[in-house]
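Each remark here refers to the structure printed beneath this line.
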Amino acid sequence: MLGQTLRAVAQSMAGSDDDISWRVGIFALERLRPDPEGWLPPNVLWADYFCWCGEKDVRPLPVASFLKKFDEAAASLGVRKLRTGNTIAYARIALKPAA
């Protein structure tokens, strides 16, 4: 289910080479997995995205732009953005184990 949703999000974000925001969906498809107990802080999510971009030899979005695009996709992915005190994190998602 999450895989189908991730593919749909990636396709809906697809755009021209000038608009690289669609890569957020591809990143999510390749690097994230559902986890009912998962909790990813935005800085960890962006750091993995930055490394993923380096592996793909593509230019990453700035942090704020990446997080905005991820927020747009989060609801359709079943991911919730939560705040606990001063801490913000995405719930129900985790990074896939390194291959």
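None of the figures in this text is laboratory data; all of them are computed from the coordinates on show. Computed from a prediction, not measured in an experiment: that's the story for all the values here. Counting neighbours? That spans all protein chains shown, and the Cβs are built from the backbone with ideal geometry, glycine included.
Points to keep in mind about this one:
- Approximate spin-label separation PHE50-ALA75, in nm, with each point projected 7 Å along Cα-to-Cβ: 2.9 nm
- Residues listed by number, the range 58-99, amide nitrogen under 13 Å from ASN43 label point at 7 Å toward C-beta: 87-89
- Amide H within-cut-off set for ALA94, under 5 Å, with H built and near neighbours excluded: ARG33, ASP35
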